[in-house]
1. Using the Kirkwood radius over Cα pairs, work out the Stokes-Einstein diffusion coefficient for region 131-234 at 10 °C and 1.306 mPa s, in µm²/s as a whole number.
2. For region 205-311, with all protein chains present and a 1.4 Å probe, just round the carbon and sulfur fraction of the accessible area to a whole percent.
3. Please go through region 121-174 and write out the trypsin sites (Lys or Arg not before Pro) that DSSP classes as loop and that have at most 15 other C-beta atoms within 10 Å.
4. Pick out, in residue order, every one of the trypsin sites (Lys or Arg not before Pro) in region 189-296 that is DSSP loop and has at most 13 other C-beta atoms within 10 Å; say none if there are none.
5. Can you give the accessible area per residue of region 210-325, in Å², using a 1.4 Å probe?
6. How far apart, in nanometres, would the label points at residue 83 and residue 241 be if each is projected 7 angstrom from Cα along the Cα-to-Cβ direction?
7. May I ask you to derive the relative contact order of region 54-213, considering only C-alpha pairs under 8 Å and at least 6 residues apart, and to give it as an integer percent?
8. Can you send over the carbon and sulfur percentage of the accessible area for region 142-198, probe radius 1.4 Å, protein chains only?
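The values are calculated or read from the model by the stated rules, or taken from the named source; none is laboratory data. Computed from a prediction, not measured in an experiment: that's the story for all the values here. Note that each Cβ is placed from the backbone with ideal geometry, even for glycine, and that neighbours are counted across all protein chains shown. These accessible areas exclude ligands, DNA and RNA; they are computed on the full protein's heavy atoms, side chains included. Shrake-Rupley method; radii C 1.70, N 1.55, O 1.52, S 1.80 Å.
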Amino acid sequence: MKIISFGFVVLLVLWLGEMHGTVAVKKKTSLPESLTRTLRNPDGVDYLLNLTEPIQDIRGRPTSNFDAGLIIRRRLERGLGPTTPEALTEENVGAMESAHGRFFYVYVDSGNLGSKLNAYKYATRYGIRFTAKLYVGPLETLAVPEELTSFVIKPANLSSSRGVRIFNERRDVTGGRQFTTNEEIVEYYRRSLGGDVPKNIQFMVEEFIYGDPRPTQLNFYSFNGYTPWVLIREWPTGTSSVMSYYDPATWTKFKYGQSKTVLRKPGNLRSTLRRVNQMTAKLGTYLRVDFLIDGKDHMLRMVETSTYPFCASHYKSITAEMDVLAREAWLNSWPFNDPNFEDLYRRALEYWKIEPCRTGYGKHKAREWERPRGGGRGDSGSLSSLLSFILG
């Protein structure tokens, strides 16, 4: 198929099945009958569900049910959600949860309208262990005590590893350059950013988590209190990695995996899984929560969160089995378990801006948001415009 409708994607996400859970099985919410069959698109054409065909976007690239869920939620978020960044504090969390309702999750994101500081503060409420913060402030006053020889410098509210530099014994792990003093490192870091970061953002110096050459990452893909899989990212070198997916309940691999070995289970995996699930159950929706495995004690330390991981491009890695689990998990997560989902979806059709997915920093700049031809806020536009936004 060269063109696939937004309704087709919605239907694939909403295909019902029995819930498979690692912690708790949630009661499935009934959905409007119209959404389980067809959904009329702005061009007036109905598309029927056909699971025998591969899912493709308008440019012929494959996508997945999991990614479709991310895309649909992002569309709702952009069209109907908050637009102003806010800092979380212990005093204002309750007020922000009440004010933003189901959209509160956007402020727990490490990027977007939230920040890594927001993510840490919220995770603290659930007893989640995270990396120590040694400095938080503007780039102009950034400084690292000379007694520290290994540390991480990163922006507080950017994503996709943008602006992250890891220094082990004053050596840049990714660039390989060796430094004599921390003052040299800070000056080098400032120059390395160039003009590719927004002004007036904060930066952090974090404790160094040991790894050879970099610590292994473990990312929880958690849906409203249920985590069907975790992503393991190991680093044979400072710049290349291999990925595998595990069931966190059984610590067995899914079929996809670049790593040929089975990683030793982190010592605090079970307690961390429980706390991550508690946090996403409170948010009521999907959130990826990222950790590093400390090479010294093999324990997990949280580093950030993500509401739109890999820019909704998991089709290259997840298996058909995982995609089914994701589809079922979405059914029990906002927005798909919302009794007013059909109304939310139709209201969100008013939003037509292309999502500027920020990946590959250093290789190219993210494009500015633009309105596809034939569409705009308040203009129903065409199916091509709709798909250009969804899968841009």
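1. Numbers: Rh = 15.0 Å.
After rounding, the answer is 106 µm²/s.
2. Values: 1850 of 3960 Å².
Heavy-atom surface of region 205-311 belonging to carbon and sulfur, 1.4 Å probe: 47 percent.
3. Qualifying residues, ordered by number: 125.
4. Working: sites: 190, 191, 199, 233, 253, 255, 260, 264, 270, 274, 275, 282, 288, 296; in loops: 199, 260, 264, 296.
Passing sites in region 189-296 are 199, 260, 264, 296.
5. On the way: 4470 Å² over 116 residues.
Counting only protein heavy atoms, the per-residue value for region 210-325 is 39 Å².
6. 3.4 nm
7. On the way: 204 pairs, mean separation 33.2, N = 160.
So the answer I get is 21 percent.
8. On the way: 1230 of 2690 Å².
So the carbon and sulfur contribution to the accessible surface is 46 percent.
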